[in-house]
Every structure is written in structure tokens, then in C-alpha cells.
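*Asks:* Let me begin by handing over the structure; questions about it come next.
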Amino acid sequence: MKKKSEVLFKKRLIKPFIAIYFFLSLVEVLAEYYNDSFYISLSKPFLMPLLILIYYLSSKRFDLYFVSALVSAWLANLFLMKSSPTHFIIGASFILIYRLLVMSLVLRRVRFPGYVPFVLGCLPFLFIFLFVANVAYHQLSNHFILYLIQGIFMILFGGFCLSSYVIKSSISNTFLLVSTMLFTATQFIVVIKGFHSSLDQLQAVAMLFFAAAQYLLYKFMVRDERKRRRYSIVNQSRRMKA
């Protein structure tokens, strides 16, 4: 009885905290648009901890890979709030760690779609990568290797998510694909904005995409967990009947 009341209490907290998450995201987007450092520091550092809390309240099986990925994204945001090259490199490194963690947890949950669909799925992301690399090659200079490494992971992961969605479309795969596309757009916006000072307001768009992508990734995790739990219950009942 105590456990049931605890679950109900957690469920009641989910929607209010989601509302707070989107409110803080809106504050962060507006703060980036108006370049208001006070409100940026007031909202940006709390987005990922808040999403971890929402995930804790929603999930019955706490995935440490996902939590570690959100912590990496949080640390990346903290370092990228500074404008020095050193902070940029550290922040980009945490983004790379984030991508590795997300890739590993998705590969454990989503079946490989096959080599031909995978290669075809990589092509759109490859074209986008080559376009941005061509536009910002000279500006990237010493950071090009870091951009190249992140780009390779983005192409492979994007191709995997796109081909998985095409082969077997589902609500969870839709969440994953849209999240991946938003993350891809965010990465390239940050690259272009970082080397064209006249496009500073694009940072607001990048943060909008980032907040939405993280929330959709959370929805993918929760939806996939529920699907696995249903399959487990069905298989267990079949074994009992047999």
C-alpha cells in the first residue's frame, strides 16, 4: 500500500515538473535571443538536473547510461556558457561523451535495421555535414578535428535512427528520430553561429532545439521502457499458461 501511494505521489509530480522544464526552457531561449547573461545563468544550468528529476519520477527502471548522458550534457552547457577557447574544447568534449552514451543506450534498445538501410539513412546527414564543413572550414581551423569526430558520430547515429524509423516506424522511434534531427540541427547552428558574429540570435534557436530534443529523448526512454515492461508481462503470462 505504501509503495502504491509513493508511485501515485510521483505521478502527480511529473506534469508540474515538466511544466517548469518548459518554462525554464522558454526563459533560456528568450535570454539567449536578447543576450541576457543574468537570465541565462538563472535558467540554463537547471534544465538537465530538472530533466533527470522528471525521468526519476517517470521511470521504474533507472537507466544510468541515460542519466550519465544528461549529466554530460549539463556539464557541456556549463562550459559552453564561457567564451574562452579552452572552455569551448572542454564543452565540446563533454558533448562527444554525451553522444557516445546516447548511442550506446539506443543500440541496446533498438534493433539494427540492416546495412543497406543504414547506409542510405546516413546519406542525408553526410550531405548536411559536408555542407556545414564547406561553409565553416576556414573558421573552424584548429577545432576542425573535433568537429570531424563529432560529425562522424552524428552521421552514424543519425543514419541508424532514420533507417530504424523507416524499417519499423513506431511512436518511440518517432521520438528518437525527431530528437536526433533536432540535435543535428543544434550542432550545426552552434558551429555556424560560433564563427559568424552577425548570427548571434541563432543561439536562441539552437537552445529551443536542444531543450525539445532532450525532452523527446526522455519520452523515447519512458515509452521504450513501458513497451518492454508490457512484453515482459505478456511473455510471463504465456509461460505460466504453458
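*Asks:* Just to check your reading of the model, which residue among LEU13, LEU8 is free of Cβ contacts under 8 Å to residues at least 40 places away in the same chain and either under 26 Å from ARG229 (Cβ atoms) or in contact with a Pro (Cβ under 7 Å, 6 or more places away or on another chain) (or both)? I'd like the intermediate steps shown before the answer.
*Replies:* Numbers: LEU13 fails: free of Cβ contacts under 8 Å to residues at least 40 places away in the same chain.
Of LEU13, LEU8, the one residue that is free of Cβ contacts under 8 Å to residues at least 40 places away in the same chain and either under 26 Å from ARG229 (Cβ atoms) or in contact with a Pro (Cβ under 7 Å, 6 or more places away or on another chain) (or both) is LEU8.
*Asks:* Next question, about the same structure. Please determine, by comparing only the residues of the stretch 80-112 that are of a type in the set (Phe, Trp, Tyr) and open to solvent by 60 Å² or more (accessible area, probe 1.4 Å), which one is nearest to LEU148 (Cα to Cα). Before you say what the answer is, go through the steps one by one.
*Replies:* Here is the first cut: in the stretch 80-112, the ones of a type in the set (Phe, Trp, Tyr) are 88, 94, 98, 112.
Those left that are additionally open to solvent by 60 Å² or more (accessible area, probe 1.4 Å): 88, 112.
On the way: PHE88: 15, PHE112: 24 Å.
The selected residue is PHE88.
*Asks:* What number of residues within the stretch 152-187 satisfy the criterion of being farther than 22 Å from LEU130 by Cβ and out of contact with any helix residue (DSSP H, G or I) (no Cβ under 7 Å at 6 or more places or on another chain)?
*Replies:* Count: 3.
*Asks:* When the stretch 159-194 is examined, which residues are found to be among the hydroxyl-bearing types (Ser, Thr, Tyr) and assigned to a helix (DSSP H, G or I)?
*Replies:* Restricting attention to the stretch 159-194, the residues satisfying the condition of being among the hydroxyl-bearing types (Ser, Thr, Tyr) are 163-165, 169-170, 172, 174, 179-180, 184, 186.
Residues satisfying the conditions are SER163, SER164, TYR165, SER172, THR174, SER179, THR180, THR184, THR186.
*Asks:* Scan the stretch 146-169 for residues that are open to solvent by less than 10 Å² (accessible area, probe 1.4 Å), closer than 17 Å to ALA185 by Cβ and at pLDDT 90 or above and report the count.
*Replies:* Number satisfying all stated conditions: 3.
*Asks:* Hey, another quick one. Does ILE40 qualify as being open to solvent by less than 40 Å² (accessible area, probe 1.4 Å), in contact with a helix residue (DSSP H, G or I) (Cβ under 6 Å, 6 or more places away or on another chain) and part of a helix (DSSP H, G or I)? Before you say what the answer is, go through the steps one by one.
*Replies:* Details: open to solvent by less than 40 Å² (accessible area, probe 1.4 Å): yes; in contact with a helix residue (DSSP H, G or I) (Cβ under 6 Å, 6 or more places away or on another chain): yes; part of a helix (DSSP H, G or I): yes.
It is true that ILE40 is open to solvent by less than 40 Å² (accessible area, probe 1.4 Å), in contact with a helix residue (DSSP H, G or I) (Cβ under 6 Å, 6 or more places away or on another chain) and part of a helix (DSSP H, G or I).
*Asks:* Sort through PHE195, PHE188, PHE209 and tell me the only one that's under 25 Å from GLU32 (Cβ atoms), hydrophobic (A, V, I, L, M, F, W, C), open to solvent by 50 Å² or more (accessible area, probe 1.4 Å) and modelled with pLDDT under 90. Walk me through how you get there before you give the answer.
*Replies:* Details: PHE188 fails: open to solvent by 50 Å² or more (accessible area, probe 1.4 Å); PHE209 fails: modelled with pLDDT under 90.
One residue alone meets the criteria, PHE195.
*Asks:* Please go through (1) more than 30 Å from LYS227 (Cβ to Cβ); (2) touching a residue at least 60 places away in the same chain (Cβ under 8 Å) for ASP63 and return the number of the only condition it doesn't satisfy.
*Replies:* (1)
*Asks:* Among the residues that make up the stretch 217-231, is at least one of them among the hydrophobic types (A, V, I, L, M, F, W, C), at pLDDT 80 or above, in a helix (DSSP H, G or I) and over 29 Å from SER170 (Cα atoms)? Spell out how you get there, then give the answer.
*Replies:* The first filter runs over the stretch 217-231 and keeps only residues among the hydrophobic types (A, V, I, L, M, F, W, C), leaving 217, 220-222.
Those still in the list that are at pLDDT 80 or above too: 217, 220-222.
When the remaining residues are screened for being in a helix (DSSP H, G or I), the result is 217, 220-222.
Filter once more, keeping what is over 29 Å from SER170 (Cα atoms): none.
Checked the stretch 217-231: no residue is among the hydrophobic types (A, V, I, L, M, F, W, C), at pLDDT 80 or above, in a helix (DSSP H, G or I) and over 29 Å from SER170 (Cα atoms).
*Asks:* Between LEU75, LEU130, which is open to solvent by 20 Å² or more (accessible area, probe 1.4 Å), more than 17 Å from SER179 (Cα to Cα) and more than 18 Å from the chain's Cα centre (by Cα)?
*Replies:* Working: LEU75 fails: more than 18 Å from the chain's Cα centre (by Cα).
Testing whether each residue is open to solvent by 20 Å² or more (accessible area, probe 1.4 Å), more than 17 Å from SER179 (Cα to Cα) and more than 18 Å from the chain's Cα centre (by Cα) leaves just LEU130.
The values are calculated or read from the model by the stated rules, or taken from the named source; none is laboratory data. For clarity, every value in this text was computed on a predicted model and none was experimentally measured. No Cβ is skipped: glycine too gets one built from the backbone with ideal geometry, and neighbour counts run over all protein chains shown. Remember, those area values only see protein heavy atoms, side chains included, never the ligands or the DNA or RNA. Shrake-Rupley method; radii C 1.70, N 1.55, O 1.52, S 1.80 Å.
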